[in-house]
Amino acid sequence: MKKTYQPKAKEIRRETHTIPPPPKVLGRLATQVATLLIGKHKPTYSTHMDMGDSVVVTNAAKVVLTGKKNTQKVYQKHSGYPGGFKEVKVSKLREEQPAKIIELAVRRMLPKNRLQDQRMSRLKVTV
């Protein structure tokens with residue numbers, strides 16, 4: 001009877017990947033980064049463990065948005081309190097915090113579980 005290999009925490013080897021400056025489309029860049037953060041590119045990948053690597057994205061201000069997203073896309077959030085609904089357009093966010101656009105795209109592509117914050121802590125985005 002064959003058994004499935006379970007990697008141990010001490011066997012995890014982390015690398016640092018530097019994503020060169022884009023002219024990359026935001027979604028394609030975010031999927032590439034999310035795959036590296038999760039660790040799916042490794043042969044020892046296991047869904048319940050944090051196997052991913054660190055990722056550094058440079059020149060976040062040069063990320064490309066296709067179509068009319070630069071004028072129409074809106075990020076929404078709610079604090080849970082009355083009157084706590086907030087909207088921010090991508091064009092305003094790009095001027096003030098261009099790194100936040102990539103961080104939000106990557107966070108929303110990661111699985112919504114206990115490992116999400118650990119994985120996001122290994123992402124560094126520079127302007």
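Every read-out reported here was derived from the displayed coordinates using simple, explicitly stated rules and does not represent laboratory data. Bear in mind that the values here come from a model prediction, so they are computed numbers and not experimental data. Because the Cβ atoms are built from the backbone with ideal geometry, glycine has one as well, and the counts that use them run over all protein chains shown.
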Check: Out of the range 1-72, which trypsin sites (Lys or Arg not before Pro) are coil in DSSP terms and have no more than 10 other C-beta atoms within 10 Å?
Finding: K2, K3, K8, R13, K68
Notebook entry, point to check: Between the helical axis of 26-38 and the dominant principal axis of the chain, each derived from Cα atoms, what acute angle in degrees is found, rounded to the nearest 10?
Noted result: 30 degrees
Item checked: Helix 98-109 axis, angle to the chain major axis (alpha carbon atoms, nearest 10°) -> 50 degrees
Check: To the nearest 0.05, what FRET efficiency results for Q76 and M109 with a Förster distance of 25 Å applied to their C-beta separation?
Finding: 0.90
Note to self: Charges at C-beta only: +1 for Lys and Arg, -1 for Asp and Glu. How large is the resulting dipole of the chain about its Cα centre, in Debye rounded to 20?
What the structure shows: 300 debye
Next item on the list: Could you work out the per residue convex hull volume over the alpha carbons of the range 71-127, in cubic angstrom?
Entry: 102 Å³
Check: Quick one, which of [x] 54, 27, 27; [y] 57, 39, 22; [z] 55, 29, 20 is the actual Cα extents along the principal axes in Å calculated for this model?
Finding: [y]
Item checked: Selected from N113, N59, N70 as most flexible by GNM, with the chain as the system and alpha-carbon contacts under 10 Å -> N113
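Around T44, with a cut-off of 14 angstrom between Cβ atoms, what is the net charge of the other residues, counting Lys and Arg +1 and Asp and Glu -1? Can you show the working numbers first?
On the way: positive: K8, K10, R13, R14, K40, K42; negative: E11, E15, D50, D53.
It works out to a net charge of +2.
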Item checked: Calculated FRET value between K42 and Q97, using beta carbons and R₀ = 41 Å, to 0.05 -> 0.85
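Residues with beta-carbon under 14 Å from that of S91, excluding S91: net charge, scoring Lys, Arg +1 and Asp, Glu -1?
Numbers: positive: K68, K69, K73, K89, K92, R94, K100; negative: E87, E95, E96.
Around S91, the charge tally is +4.
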